[in-house]
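Right, one structure below, let's go through it.
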Amino acid sequence: MEAAGAAAALAACLEALLAGRSSANRVFEILERLQADQEEVILCAIRTCSRLFGAFLERGELFVGKMPEEEQSLQEDYSAEDKYKIWMRYRYRSCVNCLGELMGHKSFQVKESALCTLMKFVELEAKHPLVKNDWSFNFPQELLKLVVWGLLSTEENSSLLISRFQEYMEHDDVRFFVMKLVAENVGSIMQKAKQAPFPVYQKNVFALVSSIVMPSEESEMIHFLVRHANQEEWKVSKLKEHQRAFERMWLGFLKYKLPVSLYKKVLAILHDSILPHMHEPTLLMDFLTVAYDVGGAISLLALNGLFVLILHHNLEYPNFYTKLYSLLDPSIFHVKYRAKFFRLLDLFLSSSHLPAYLVAAFAKRLARLALTAPPDGLLIVIPFICNLLRRHPSCKVLLHRPDGPPELSEDPYQMDEKEPSQSRALESSLWEIKTLQSHYHPDVARAAATINTPLSEMEEDLSEVLEMTAFEIFDRDIKKETSEVPLEYLPARGLFGKKDDIFAQYFTLE
C-alpha cells in the first residue's frame, strides 16, 4: 500500500512540475523518494526523475553554461528565467549524484535502473549540451565519469552491471571516453592501494576493459552520440586516437600486480583482443617476457602474445627455444590450455631451418613424457612426434637405431638437462613409442605402431585430437559394438594353457 501511495504521489508531482513552474519546489518530494527504504519506491522515483529531467533537458529548462554558486545566483543580476534554470540545474545535479550512489545499492534492479537513467541523461546532454565550448564540441564527460566510477566498485563484484553497460559502448565516442576515464580511475585508485591491493576492484576493471570491442577500420566508426561540426577533423573519429586511448588504458591496468587468476585471463585474450588494437604493441614486450619466465600455465599462456610480437613486430627473445623446451613437463597433458599450447608448439617447430639436435630434443622429451601421459594426451603426442620426424628427416635416426637403448637406465638422453643442445637426444632412440605399442588402450597402441612402417610424407591432421578429452574417449569406447568378447587374451596351446606343457604334445587345442 505504501508503494502504491508513493507512486500516486510521484505521478502527481511529475504532472505538476511539467505543467508549470509554480510547483517547482515539489521536485524535492521526488528527490527525497530516491533515498527511501523500499525498493519499489526507489524504482518509481528513478523512473519519475528520468521522465522529469529528460523532459527538462529536451525543453531547455536547465541553465546552460558555467554554473555560478547557487546562493550567488540569487543575489546577482540574473533574470527570473535564469534564476529558475540555475536553481533547477542544481536539483538535476542532486538527482544525478543520488543515481550515482544508487549504482551501489544492494538491489540489482535499482542499480540497473540508475545506470540506464544516467546513460539516458548522457545521451540527452550530448544532444542538448549544458556546457558550451568555443570549439563547438561538447560531450558530457563528467556525467559519464560518474557512471564509470559507479561501475568500478572497490567493494563488490559489478560484472553483471558491467555486462548491462556494454550496449552503450557501441557508440564510438562513448567507448573512447570510457577508455580515458578507466585509465584515469585506475591511476587514482591503484595509487592508494599499494599497501592493500583491491582484487575485487581489479576484477571489475578487467570485466569492463575486456568487454570493449575495438573497431578494426576507421570506416567502421560511424556511431556517435555527438556529431562534430568538422567530423573529419575531430580526433574522436580517428582510429589512431582510439588505439592510443585503448593502449593507455591497458598499460595502466597491467602496470600493477594482478591476482594469478586475473593474470591468466589477461594472457588468454592478449594475443587476439589486445595486441592487434594497440598503437604500439611492442610496449607489452616486457609484460610478456616476464610472464613467459614465470613458468607453468602462465608461461604457456604468454606464448600466444610472444608469438605475435616475434612474428609481426621483430621481437628478439634470447634462448626462446630453451625456455620453450623447459615448459615440457607432465602438466602439459592436464592443463586447461593444452590444445592451444600444442598448436603453438607445432607452429614454433614447423620451420625447416631448425637444427636437428633441437627437434630431436623436443621429440625425445615428448616421448619420455608420454610414458606417464593419459590416453587423450597420448593420442596428441604420438602423431605430433611423427609429424616432427616427417618435417625433419635427419631426425629419423631416432627410429632406425636397432642397437639403441632398450630401457631407461641405458638411455644416453639427459632428461634433466636444461639445454636442448646438451641433452644427447640424437644419440638416443624413441624406444618409448615402441613401449607404448603395448599400451592398454587399443587406439594408443595402434597410433604407436605407426613407427613400425615407413612414415608417409603427408603429415597427420591434429585438429581432431587436440580438443579430445578423456570423457569423450570413454564415451566413444562404451558405444563401440563388438561381435566377439575375448575371455583370454592369449590363445590356449595345451591342456593347462602353457605352450611347452608336457601334455601339449598329446592334447592340443586347434
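Observations
- Accessible surface area normalised per residue over the range 206-338 is 48 Å², counting heavy atoms of protein chains with a 1.4 Å rolling probe.
- Share of pairwise Cα-Cα distances greater than 31 Å in the chain is 63 percent (whole percent).
- Counting only residues at least eight positions apart within a chain, or on another chain, the lysines with an alpha carbon under 19 Å from that of K240 are K180.
- In the full protein context, the range 29-93 carries 54 Å² of accessible surface per residue, based on a 1.4 Å probe and ignoring ligands, DNA and RNA.
- C-alpha long axis of helix 80-102 to longest principal axis of the chain, angle in °: 30
- Between D329 and M458, the FRET efficiency from the beta-carbon distance, with R0 = 30 Å, is close to 0.45.
- Helix 199-209 vs. the chain, principal-axis angle (Cα, 0 to 90°, nearest 10): 80
- Across the range 21-140, C-alpha contacts under 8 Å between residues 6 or more apart give a mean separation that, scaled by the residue count, equals a relative contact order of 29 percent.
- Rounded to whole numbers, the Karplus 3J(HN,Hα) couplings from phi for the range 441-453 are 8, x, 5, 5, 4, 5, 5, 5, 5, 4, 6, 6, 10 Hz, using 6.51 cos²θ - 1.76 cosθ + 1.60 with θ = phi - 60°, and x at Gly and Pro.
- Using C-alpha pairs below 8 Å separated by at least 6 residues, the relative contact order for the chain is 8 percent.
- Backbone HN-Hα couplings from phi across the range 110-125 [Karplus 6.51/-1.76/1.60, Hz, Gly and Pro as x]: 5, 4, 5, 5, 5, 4, 5, 5, 4, 6, 5, 5, 4, 5, 5, 5
- Sum of side-chain charges, P420 neighbourhood, beta-carbon under 11 Å (Lys, Arg +1; Asp, Glu -1): +3
- Binned Cα-Cα distances of the range 97-167, short to long, each 10 Å bin given as a whole percent: 20, 49, 22, 8, 0
- The local environment of P383, defined by Cβ-Cβ distances under 12 Å, has a net charge of -4 under the rule Lys, Arg +1 and Asp, Glu -1.
- Overall, the accessible surface of the chain at a probe of 1.4 angstrom is composed of carbon and sulfur to the extent of 52 percent.
- Phi to ³J(HN,Hα) by Karplus 6.51 cos²θ - 1.76 cosθ + 1.60 over the range 255-264, Hz, x for Gly, Pro: 5, 9, 4, 10, x, 4, 4, 6, 4, 5
- Treating each Cα of the range 145-210 as one equal point scatterer and applying the Debye formula with no solvent, the log10 of I(q)/I(0) at q = 0.21, 0.24, 0.28 Å⁻¹ comes out as -0.82, -1.05, -1.36.
- Loop-resident sites, the range 216-291, for GluC sites (Glu not before Pro), counting at most 10 other Cβ within 10 Å (DSSP): E217
- Within the shell defined by Cβ-Cβ distances under 14 Å, the residues around L130 carry a net charge of +2, with Lys and Arg each +1 and Asp and Glu each -1.
- Sequence-separation-based contact order of the range 256-303, relative, with Cα cut under 8 Å and 6+ spacing, percent: 41
- In this view, the solvent-accessible surface of R248, computed with a 1.4 Å probe and all protein chains in place, comes to about 130 Å².
- Unsatisfied cross-links (Cα-Cα over 21 Å) in the set K257/K323; K145/K265; K203/K265; K364/K418; K257/K336; K66/K145: K257/K323; K145/K265; K257/K336
- Applying D = kT/(6 pi eta Rh) to the range 211-347, where Rh is the Kirkwood radius over alpha-carbon pairs, T corresponds to 4 °C and eta to 1.567 mPa s, the Stokes-Einstein value obtained is 78 µm²/s.
- q = 0.23 Å⁻¹, the range 294-416: log10 I(q)/I(0) [Debye, one scatterer per Cα]: -1.62
- For the range 27-94, the C-alpha radius of gyration sits at 1.26 times the compact-globule guess of 2.2 N^0.38 Å, with N the residue count.
- Equivalent ellipsoid semi-axes, the range 356-441, via Cα gyration tensor eigenvalues times 5, rooted, Å: 19, 14, 13
- Relative to the dominant Cα principal axis of the chain, helix 375-391 is inclined by about 70°.
- Summarising the label geometry, the points placed 7 Å from Cα in the beta-carbon direction at S351 and L371 lie 3.2 nm from one another.
The values are calculated or read from the model by the stated rules, or taken from the named source; none is laboratory data. On a predicted model such as this, the values are computed, not experimentally measured, just so you know. When we count neighbours, we look across all protein chains shown, and the Cβ atoms used for this are built from the backbone with ideal geometry, even at glycine. Only protein heavy atoms, including side chains, enter the accessible area calculation; ligands, DNA and RNA are left aside. Shrake-Rupley method; radii C 1.70, N 1.55, O 1.52, S 1.80 Å.
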